[in-house]
Amino acid sequence: MSKHVGLNFGARFFKVVELGGKGGTAEIVSAQFIPVQNGAFADGQIMDFAATSELVAKAYSTGSFSSKPSALALRSGIVVAGVKVPFINETQLRNNLLFIADQYLNINLGEYSVDYNIVRIDKTALTANVVFVANRKDTISDYVSIFNSANVNLGIISDESIALCNLYVRMQLPMKEPTIILQTGASETCVIFLENGTFARRDRCNIGGDFCNSLLANDASIPKDEIELAKTNLGNHKSAESVKKIIETEYLPKLLDEVDKSMQTYVALGGRAPKRVYLSGGGATTHRLSNAIKDRFGLVAEVMNPISSIKSSDSETTNILQQMPAVLNVAIAMALR
């Protein structure tokens with residue numbers, strides 16, 4: 001049984017999940033997908049306090065969630081990777097990391113909450129490679145106020161990328177291989193690099209499901225209200241062949257161009273070349289995505305699916321999870337904290 005109710009704000013939905021079961025797989029007991037109003041928030045920032053508060057209240061009043069504390073994953077405003085710092089011992093390194101962050105992040109640490117991961121330590125060269133993650137304290141305060149106004153106990157706030165890396169470890173996926181988690185969302189895709197199961201770098205590109213939808217609307221003349229149906233029912237929809245062609249020839253090449261740039265940059269900065277890709281988010285089951293990654297990079301790609309079973313009584317939620325099993329991964333990761 002999870003210790004928290006997991007939360008995640010996406011571009012289209014506010015996602016809430018509570019788990020049962022044990023181990024690294026998740027048994028969905030209750031889940032809610034609440035549509036996000038345009039302008040309620042953007043890029044992790046609350047734009048409309050009242051609308052976002054109403055969104056949270058609706059999710060909790062609609063779903064059957066327990067009173068356990070909630071854990072929210074945010075998209076951090078600042079991620080600085082590849083910072084090489086002097087190393088004497090781990091205790092001294094951890095004690096000095098905020099001082100080091102002050103030198104590298106170029107921010108007022110009084111205004112930010114800073115987290116970090118030690119990616120690797122070179123005891124021969126006496127250096128360590130560190131990644132820093134920072135969120136504005138006033139942004140965190142805004143989210144706390146939102147949940148307080150909805151009478152929700154917000155116990156933890158963390159970074160989306162770190163949450164997914166923790167889920168990777170919880171699922172006992174290969175630890176020694178340099179790995180990418182490709183988190184595919186509506187407005188963007190995040191390329192998350194892991195080394196030894198530890199968050200090492202994150203790149204973001206503005207190519208996601210919305211970009212794919214715009215291609216389908218413009219090039220295949222599919223009505224907007226049919227696009228999602230066309231994408232998820234390729235075997236039955238009248239425009240299936242057009243959808244497949246556009247995804248294969250227009251959407252996936254552009255997406256993988258961005259992934260390629262990220263991989264080249266990561267290796268150029270001293271990272272180890274990835275050996276495997278895990279697909280996460282709503283677009284993880286996009287037509288031919290895993291095959292396209294294998295064809296282009298020679299890497300095995302598979303959906304990162306922590307769900308062992310679904311016990312939710314909500315048929316709509318069950319249907320969404322059956323079509324997109326990785327859409328709740330960030331919220332699940334927070335529920336498992």
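None of the figures in this text is laboratory data; all of them are computed from the coordinates on show. It should be emphasised that the depicted structure is a prediction, and the values quoted were computed from it without experimental measurement. Note: ideal-geometry Cβ built from the backbone for every residue, glycine included; neighbour counts use all protein chains shown.
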Given charges at Cβ of Lys, Arg, Asp, Glu: the chain dipole, positive-most of Asn213, Val114, Pro274:
Pro274
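Counting only DSSP beta bridges with both residues in the chain, tell me the antiparallel percent, nearest 5.
Working: 44 of 66 bridges.
Expressed as a percentage, antiparallel bridges in the chain total about 65.
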Regarding the chain, what's the average projected area of the Cα-atom convex hull, expressed in nm²?
17.4 nm²
What would the Debye formula give as log10 I(q)/I(0) at q = 0.22, 0.27 Å⁻¹ for the alpha-carbon point model of the stretch 140-221, no solvent?
-0.95, -1.12
Gaussian network model of the chain, springs between alpha carbon atoms under 10 Å - residue of Val29, Val267, Val17 with greatest fluctuation
Val267
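Please state the charge dipole magnitude for the stretch 1-120, taken about the Cα centre, from unit charges on C-beta atoms (+1 on K and R, -1 on D and E), reported in debye and rounded to the nearest 20. Intermediate values should be presented prior to the final figure.
Working: 10 positive and 9 negative charges, 73 e Å.
Computed charge dipole of the stretch 1-120: roughly 360 debye.
How much of the pair distance distribution for the stretch 13-156 lies past 24 Å, counting alpha-carbon pairs only, in percent?
Values: 4982 of 10296 pairs.
That fraction is 48 percent.
Based on the alpha-carbon set only, what is the convex hull volume of the stretch 82-234 divided per residue, in Å³?
On the way: hull volume 29.5 nm³, N = 153.
Dividing the Cα hull volume of the stretch 82-234 by its residue count gives 193 Å³.
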Taking every pair of alpha-carbon atoms in the stretch 231-307, what share in percent sits in each 5 Å bin, from 0 to the bin with the longest distance?
3, 14, 21, 24, 18, 11, 5, 3, 1, 0
The stretch 114-178: chymotrypsin sites (Phe, Trp or Tyr not before Pro) falling in loop per DSSP and having at most 16 other Cβ within 10 Å:
none
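Over every pair of different alpha-carbon atoms in the stretch 179-337, take the mean of 1/r and invert it; report that Kirkwood radius in Å.
Across the stretch 179-337, the inverse of the average 1/r is 16.5 Å.
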